[in-house]
Every structure is written in structure tokens, then in C-alpha cells.
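Student: Below is a structure I'd like to ask you about.
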Amino acid sequence: MTAKLFTPVELGGITLSNRIVVSPMCQYAAVDGSAQPWHQVHYGMLSMSGAGLLCLEATHVERAGRITQGCLGLYSDDNEAALRPIVEWARGWMPQVKLGIQLAHAGRKASAQRPWKGGGPLSQGDAPDLPWTAFSASAIPFDTRWHTPVALDGVGLKRVKQAFVDATLRSLRLGFDLVELHGAHGYCLAQFLSPLSNRRSDEYGGTMEKRRRFPLEVFEACRAVWPRDKALGVRLSAVEWVEGGVTLEDTIETARQLKALGCDFVDVSSGGNSPAQKIQVAPGYHVGFSARIRKEAAIKTWAVGVITEPEQAERIIEGGEADCTAHARAFLIDPRWGWNAARALGVEPPALPLPAVRGATILPFKPNPAMARAAE
């Protein structure tokens, strides 16, 4: 009997060969949003991990929406050109693996320092042109020492929505199979959803229904340009782990409304919008959230969060708690996690990649001018 983890699954108009997803993982290695040689090495490796879907890291839809100076972007022609050879490289070696991209806007958590430089908000001491202006639902800083964002006005709302649409169109030109909009972890779309960060008195704030309006409008605008023969989903924080924050019931209703607009899946995570959060971390600690959203919103879900063992992932899929399991650190620890999971579950691993590309043309890596600059 084949392990359920290694059975195909349909997401929108695409079919994954198995239910394993390489989750988006920020690399903080881009230059003005443009991918570097590191990204080709990193994603080339992960494309041969045995997963059915490889989803690129949070890729920001405008320069001001980057978390850090090193975050990947898709807001310029240079950004698009830099990603093209990476997508073509992965396609050439592993054509059976579907490729996804997570489109994001950091909102009030933008203009931050890279983690290995201490994290936290940038300051003028970091460079003369820093920090840059951050934008959010309301002029409420993430924490006491963080910069106060500018509340998006009507013009700003249109700009950010169009930036998501433009990045979605760039993703289409690049040939991605799937787009995930980042509506979790306290970034811009999540900031609108939460009463902790959205204190607006207009049609985009107040009740939960009004707080949903902007994220739903962004999704609907992206859905209008993203083909139905591909997949479009959203990552959501199921709960915020803070009293007075978004609840699981709120998120279930958000998922229902997203599905009505044509959402193909919800990637279920949690937290990220308040330093006061008290997360109860344990193996598979989001799985229960995924199961309830899947059942009550009748939408396909991904389970994430400390899913490290093949047998654990198999139980989640077999038990109907999610349609896919998404893994991050597991693939950094074992870049062949998918292949080894197949062996552990008694499944014949897929053929090695080299025969699949025999006779294929693998395009060389061609840096564009933006990629020629050394990363800071």
C-alpha cells in the first residue's frame, strides 16, 4: 500500500506528484531585491529534494515592503531577470517538481536588520539612507523601539494592491506553477486582519469583516490575473497567541471567504504580529489549526511547524488533518528529506534526476547588472 504522503494531490489547476512542500525560507541574500548566485545554488539543491513542490522564499512586491535590505523582491525588471535563470535551471534538472513563489509585503515590520546582524529595526547608524519608511494598516509600531509606520491612505492602498498584482504577473511570465500570498506572521496583509495592528475607522478597519476587506481585495485582484490552470493560495496565521488578537474562528471565516473568491489552499501558520505572543511550540503545533480550517472552511490546507519525521507527516495526511505538509528546517538539515522519507515509508523513491535531463538544454547562469554587485 502506497503511503498517503506520496500520493498525488490537486491544488487548483496543478497536480503535485506527492504531498511534500519545501516551505518558503528567507535567505536575506539578495541585492536590491535581485537574486544572487547563492539563490541558484540553494534552489537548485532544493529542487532535487524529493518534494512535490518547491516554494521560493518571501518575495516582496515593492522595495519599501522588504523586511531587510537582503530580501528577495519582484518589483523591478532587474528582479525578474535575476530570477529567470534560477527557475529555468530548476525546471531543466527536475521538470516533475512544481515551482511556487510566496509574494509578500512586510508592512510595519519592514526596514529591519538581517538576523545575523542582530535583527530589529534599522537605524541611521546602519547607512545614511536608512531606515526607510514603513507602511501599515495603522500608525502603530511593532514594538516600542521600532519605527512608527505610515498608515496607508487611499493612494497607498491602491499602490500596494497594484504591487501585488504586478508581482503576480511577473510570476506568471517567469513560469511559476503556484503563487502564495503571505497573509501571516504579522506582515502587511496580516496587519490589516488583526485588531492589534489595525485601528482604522474607515471601511478597512473596525469589525473583523472590515479588517478582512483589504486582504480579500488584494487576493481578488491577483486571482483576476492568475490563470485557473495554476494554483493560488494564502498563508494565514490561524491565531496570534495574544489576548484580543485574531482567533481561530476568525481565520476559519477568512478561509471561507477566500475560497469563495477562488482560493485553492491555505497554508496554516500562526503568530508573528506581536512581541507579546506566547507560542506553545511543540511537534506539529499547527496541525490542529489546519485540521479545523480544512474541515470547517472546506478548503485544502498545508500543515507546517516542527514536522520533522516522515512517519509524523504520513499520520497528518492519513488522518485528514491537511492535504500537504510543508517543511523548512527539515530540508536544511537533510536536503534529500523527500527521498529519504520515501525510503522510510517503504515507497520506491523517484528516479535520480540526471536521466530526466539527458539531452535537455540547461541554460547557463547569466547574472544581470544588479547581480554583479557584491552583497553587503
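Student: With charges set only on the Cβ (+1 for Lys and Arg, -1 for Asp and Glu), what does the dipole of the range 223-333 come to about its Cα centre, in debye to the nearest 20?
Tutor: With Lys and Arg at +1 and Asp and Glu at -1, about 320 debye.
Student: Let me ask something else. Determine how many Å³ per residue the convex hull of the Cα atoms of the chain encloses.
Tutor: With only Cα atoms used, the chain gives 130 Å³ per residue.
Student: Related question: Let me check I've understood the local charge: for residue 94, count other residues with C-beta under 13 angstrom from its C-beta, Lys and Arg +1, Asp and Glu -1. What total comes out?
Tutor: Combined, the nearby Lys, Arg, Asp and Glu give +1.
Student: If packing is taken as the average number of other Cβ atoms within 10 Å across a peptide's residues, how do 65-73, 238-246 rank, most packed first?
Tutor: 65-73, 238-246
Student: Over the range 4-372, what is the mean sequence separation of C-alpha contacts under 8 Å (at least six apart), divided by residue count, expressed as relative contact order in percent?
Tutor: 19 percent
Student: A further question on this structure: May I ask which of 98/295; 230/300; 4/295; 109/259; 210/300; 158/210 have a Cα-Cα span longer than 21 Å here?
Tutor: The pairs that break the limit, which is 21 Å between Cα atoms, are 98/295; 109/259; 210/300.
Student: Give the share of C-alpha pairs in each 10 angstrom bin for the range 247-327, from 0 to the last occupied bin, in whole percents, shortest bins first.
Tutor: For the range 247-327, the pair-distance distribution reads 19, 49, 28, 4.
Student: Continuing with the same structure: What ranking of 267, 323 emerges when the number of other C-beta atoms within 10 Å of each C-beta is taken as an exposure proxy, fewest first?
Tutor: 323, 267
Student: Further question on the same structure: Which of the DSSP-defined H helices in the chain satisfy a minimum axial length of 24 Å, computed from C-alpha atoms, and a minimum mean Kyte-Doolittle hydropathy of -0.5?
Tutor: Once both thresholds are applied, what remains is 154-174, 208-225.
Student: Moving on. Where does the chain land at 222 nm, in deg cm²/dmol rounded to the nearest 500, when only DSSP H runs of n ≥ 4 count, each adding -39500 (n - 2.57), divided by all residues?
Tutor: That calculation yields -9500 deg cm²/dmol at 222 nm.
Each value in this text was obtained by applying a stated rule to the coordinates, not by laboratory testing. These figures come from a predicted structure and were not determined experimentally. Here the Cβ is made from the backbone with ideal geometry for all residues, glycine too, and neighbour counts use every protein chain on show.
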